[in-house]
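Notes follow once the structure below has been shown.
The values are calculated or read from the model by the stated rules, or taken from the named source; none is laboratory data. Note that the structure is a prediction, hence the values are computed from the model and not measured. Methodologically, a virtual Cβ is constructed for each residue, glycine included, from the backbone with ideal geometry; neighbour enumeration extends over all protein chains shown. Each accessible area value is taken on the protein alone, full model and side chains, heavy atoms only, with ligands, DNA and RNA left out. Shrake-Rupley method; radii C 1.70, N 1.55, O 1.52, S 1.80 Å.
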Amino acid sequence: MKLSDRITQITGGGSDGWDVFYRARRMVAEGHAVTQLTIGEHDIGTDASILDAMNRSARDGHTGYAMVPGTDLLRDTVAARVQTRTGVSTTRNNVLITPGGQAGLFAAHMAVCNPGDVGLFLDPYYATYPGTIRGTGAVARAVQTSAEDAFQPRAEQIEAKVDGAVSLLINTPNNPTGVVYSPETLRDIAELCQRRDLWLISDEVYDTQIWNGAHLSPRALPGMADRTLVVGSMSKSHAMTGSRCGWIIGPEEVISHLINLATHTTYGVPGFIQDAASFALSVGITLEDEIAAPFRRRRARALEVLAEQNTIGLVPADGAMYLMLDIRATGLTGEGFANALLDKHAIAVMPGESFGTAAAGHVRVAMTVDDDRFETALKTICAFASELAGQQAAE
Ligand code: PMP
């Protein structure tokens, strides 16, 4: 039987640079000790106070169908949080609760892309981006950013790819690079979106993990609230990855259509999960800071370790739980380096090539193991890189 093109073409097929990741998983399953610095998941679980709130809610009976757009309490809580953080007037009618940020990314593209329209995204990119766009029937078109610009996108690079595009997907703080887009970058993007009539889909799931300065949501820039869909999530800010709870913020009209989409797809998010999220958000910044603290600490330590060597370059690591290391001085590709590192030192990192082509010659290190193990692994990575660079110089 024939399947739809839409479903069979979600992934591009072929090797996608994830071999190292799967190989590391296999090694662990076979009983080898591997330090896994691969995926973006906290090494702490969801806080006990949030689990208590979840349990209370479930025991109080919130285990049936919940309101499809989200509970009034969570929509109001998210709206208030967004308004406080951005200054943009936001009510529950601007909020749809989704099963995680990923479902939000898909729904946002469903709202603005017709089949065959082009949805732009920036390379390097979070692994699901092209498939998410293709899953809606739209054409996913990458815009390369460059290591030489520290992966800050330039308006000219986007403009060169804009013909036929209806949307632009951005992500700051960024996965995989750890880069935070500067106010100038975001202003240029906002200006371009208005001039070329693009929807901006702004993935802000790492908005509580900023190590320098403050988070700037492009929805707050002049003229942008009517053309921006913000995707948020409890996953990273509250270590609730498995709870599948996120949201889309956007104009009321878009949200009302997205409620129809949710009615016909997800049928909402469990009430007890939403109550746990409302509780977690009501605790405020102290809890968010506590959850971000291990990454802040490890990133500070990483700067010290990397300052003691000159083989590896660090892409400015201003946010999110990752470091993007430039290992081009070793003469290896990101994939070659990651494979050799896994073989020789049982440390698993992600090749930059897993995230497109722009971060070739880099590896992404997730700061997701305890401080001592992280520091030891990073020092080993540095020593290994300098050994390889030395060999290369001798050849
Ligand atoms: N966007 C980015 C950039 C991510 O890194 C992730 C998760 N790794 C997501 C969206 C999706 O997160 P979730 O669905 O858990 O909210």
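What are the pairs, 6+ residues apart or on separate chains, where a residue within the range 111-138 that is touching a residue at least 24 places away in the same chain (Cβ under 8 Å) and in a helix (DSSP H, G or I) has its Cβ under 6 Å from a residue that is away from the ligand (no atom under 16 Å from the Cβ) and of a type in the set (S, T, N, Q)?
Note: pairs meeting the criteria are 131/11; 134/9.
For the range 107-119, give me the residue count where each residue is within 16 Å of the ligand (Cβ to nearest atom) and crowded, with 22+ Cβ neighbours inside 10 Å.
Residues that pass the stated criteria total 4.
Is it the case, given these coordinates, that residue 43 is under 26 Å from residue 262 (Cα atoms), open to solvent by 50 Å² or more (accessible area, probe 1.4 Å) and among the acidic types (Asp, Glu)?
No; evaluated as a whole, the condition is false for this residue.
Quick check on residue 77: is it closer than 23 Å to residue 210 by Cα, within 16 Å of the ligand (Cβ to nearest atom), of a type in the set (S, T, N, Q) and open to solvent by less than 50 Å² (accessible area, probe 1.4 Å)?
No; evaluated as a whole, the condition is false for this residue.
So, in the range 80-106, of the ones that are in contact with a Pro (Cβ under 9 Å, 6 or more places away or on another chain) and aliphatic (A, V, I, L, M), which residue ends up nearest to the ligand (Cβ to nearest atom)?
97
Can you go through 277, 292 and tell me which one is within 15 Å of the ligand (Cβ to nearest atom), modelled with pLDDT of 95 or more, outside the structural domain of residue 111 (by TED's automatic domain parsing) and within 30 Å of residue 55 (Cβ to Cβ)?
292
Residue by residue through the range 193-236, note down the ones that are surrounded by 21 or more Cβ atoms within 10 Å (Cβ to Cβ) and assigned to a helix (DSSP H, G or I).
193, 218, 219, 234, 235, 236
Just checking, does the range 280-299 include any residue being under 29 Å from residue 111 (Cβ atoms), open to solvent by 10 Å² or more (accessible area, probe 1.4 Å) and hydrophobic (A, V, I, L, M, F, W, C)?
Scanning the range 280-299 turns up at least one residue that is under 29 Å from residue 111 (Cβ atoms), open to solvent by 10 Å² or more (accessible area, probe 1.4 Å) and hydrophobic (A, V, I, L, M, F, W, C).
What are the residues in the range 238-271 that are small (Gly, Ala, Ser), away from the ligand (no atom under 16 Å from the Cβ), in a helix (DSSP H, G or I) and open to solvent by less than 40 Å² (accessible area, probe 1.4 Å), if any?
271
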